[in-house]
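Okay, structure first, notes after.
The values are calculated or read from the model by the stated rules, or taken from the named source; none is laboratory data. Bear in mind the structure is a predicted one, so any value in this text is a computation, not a measurement. So basically every Cβ, Gly included, is an ideal-geometry build from the backbone, and we count neighbours across all protein chains shown.
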Amino acid sequence: MSGSTPVRVGVVGFGYWGPNLVRNVHKLADAELVAVCDATPANLAKFTAAYPGIPTCDSLDAMLATHELDAVVVATSALSHYVVAKAVLEAGKHCFVEKPLTLTSDDAADLVRIADENDLVLMVGHLMVYHSAVNFIKEVIDSGELGDVLYLYAQRLNLGKVRTEENAFWSLAPHDVSIVNYLLGEAPDRVSATGADYINNGVEDTVFANMHFASGRMANIHVSWLDPHKTRKFTIVGTKKMLVFDDMEATEKIWIYDKGVGAPTDAMSFGEDLTLRFGEIKAPFLKMEEPLSLEVQHFLDCCRTGERPRSSGREGLEVVRVLEAVSESIAAGGAPIETRLED
Ligand SMILES: NC(=O)c1ccc[n+]([C@@H]2O[C@H](COP(=O)([O-])OP(=O)(O)OC[C@H]3O[C@@H](n4cnc5c(N)ncnc54)[C@H](O)[C@@H]3O)[C@@H](O)[C@H]2O)c1
């Protein structure tokens, strides 16, 4: 693909989230929105009303047969991701798939294999790894300012929107798992989780999941549809400093606390084994850009250069393995489940 010609993109799925992807593909100069496909006629009618003149199709097969495409963006419901993405890759097109990549790690591994064997880009919509705040935090961690990261925890809570086709962890936590893996630069080797179905029988609305890493670090993710507060919060505890990311804050989203526990300054001090440090607290200025726009631009760049995406199929597979293992652990009463994958 030449460096200056726009990437010719087709989009599958114009339901709730697809329109956001379509808007970005349409606005970015490096893409040409060639066609949109959806199995629901009413959704295609909404697309045509907003983007008159751009062709539509009622099936992926028809879109692939009728239009010259370099890449396809998949924004269908998770249940169909494997079948749709497989067809896209087997047609020789680069593929962006919304999160979660698939519903099983076997299916995700299969998509990674097909993409690798055919030198195609496979990217997953782990939107948060394109969020300016998350990338700022990654820089802070990598700079050593926090010291060694010891543990982190994430809370994604709300009253509603209650789904019945997937539990709260599959619905909400792909974002948190992808952030944790991205920030720590590793995927967990085991998880354990408990969950409860207070609202709908058999569908956990509240889950507490622990991720354990080979490095000794740990993370906890708490998701719930049954909580008085809308919360999107991350706390990271390092040996030198601590950081809180509150995505519900409009401007001061990140706070860095120069707080910690150190070795005693005076071994003979009376009644004190450890020193507590309470230093300055700062809320750094963040230049925010729309994560979805950065995400779609990154996909286009990868299609052109062949570069491996920040959220490649491999990262998608690692996230799906955690989601799957959390369900296994809940079913096994909180038992630890291995999540390590073959290289
Ligand atoms: N990144 C985010 O923050 C974010 C937010 C919401 C949803 N999502 C993801 O986006 C995806 C779509 O979610 P949604 O809420 O928009 O779902 P939705 O059900 O509202 O829309 C899916 C659309 O895909 C169409 N469709 C389904 N299977 C099809 C097929 N085989 N061929 C053609 N069209 C097909 C349906 O007709 C529907 O219009 C999911 O993977 C979801 O997890 C991501």
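Return the residue satisfying two criteria in turn: it lies in the stretch 166-181 and is among the polar types (S, T, N, Q) and at pLDDT 95 or above, and of such residues it is farthest from the ligand (Cβ to nearest atom). Among those residues, the one meeting the criterion is 181. In the condition set (1) basic (Lys, Arg); (2) over 19 Å from residue 114 (Cα atoms); (3) more than 11 Å from the ligand (Cβ to nearest atom), residue 93 is compliant with all but (2).
One residue alone among 206, 194 is in contact with a helix residue (DSSP H, G or I) (Cβ under 7 Å, 6 or more places away or on another chain), within 9 Å of residue 223 (Cβ to Cβ), surrounded by fewer than 21 Cβ atoms within 10 Å (Cβ to Cβ) and not assigned by TED's automatic domain parsing to the domain that holds residue 108, and that residue is 206. Is one or more of the residues making up the stretch 66-81 under 27 Å from residue 304 (Cβ atoms), within 15 Å of the ligand (Cβ to nearest atom) and in a helix (DSSP H, G or I)? Checked the stretch 66-81: at least one residue is under 27 Å from residue 304 (Cβ atoms), within 15 Å of the ligand (Cβ to nearest atom) and in a helix (DSSP H, G or I). When the stretch 295-321 is filtered for residues that are outside any loop (DSSP other than H, G, I, E, B) and hydroxyl-bearing (Ser, Thr, Tyr), the ones remaining, listed by number, are 305, 312.
Scanning the stretch 329-343 for residues that are buried (at least 17 other Cβ atoms within 10 Å of the Cβ) and over 18 Å from the mean Cα position of the chain (by Cα) yields 329, 330, 337.
Give 40, 48 a once-over and let me know the one that is over 19 Å from residue 96 (Cβ atoms), away from the ligand (no atom under 11 Å from the Cβ), of a type in the set (Ser, Thr, Tyr) and without any contact (Cβ under 8 Å) to a residue 60 or more places away in the chain. Of 40, 48, the one residue that is over 19 Å from residue 96 (Cβ atoms), away from the ligand (no atom under 11 Å from the Cβ), of a type in the set (Ser, Thr, Tyr) and without any contact (Cβ under 8 Å) to a residue 60 or more places away in the chain is 48. Of all residues in the stretch 23-40, exactly one satisfies the criterion of being crowded, with 22+ Cβ neighbours inside 10 Å and charged (D, E, K, R), namely 38. Restricting 324, 315, 295 to those that are over 27 Å from residue 133 (Cα atoms), within 16 Å of the ligand (Cβ to nearest atom) and either in contact (Cβ under 8 Å) with a residue 60 or more places away in the chain or buried (at least 20 other Cβ atoms within 10 Å of the Cβ) (or both) reduces the list to 324.
Note on the stretch 162-191: residues that are touching a residue at least 40 places away in the same chain (Cβ under 8 Å) and either assigned by TED's automatic domain parsing to the domain that holds residue 102 or at positive phi (or both) amount to 0. Would you confirm, using the coordinates I've provided, whether residue 112 is touching a residue at least 40 places away in the same chain (Cβ under 8 Å), of a type in the set (Val, Ile, Thr), within 17 Å of residue 234 (Cβ to Cβ) and crowded, with 17+ Cβ neighbours inside 10 Å? So residue 112 fails the test.
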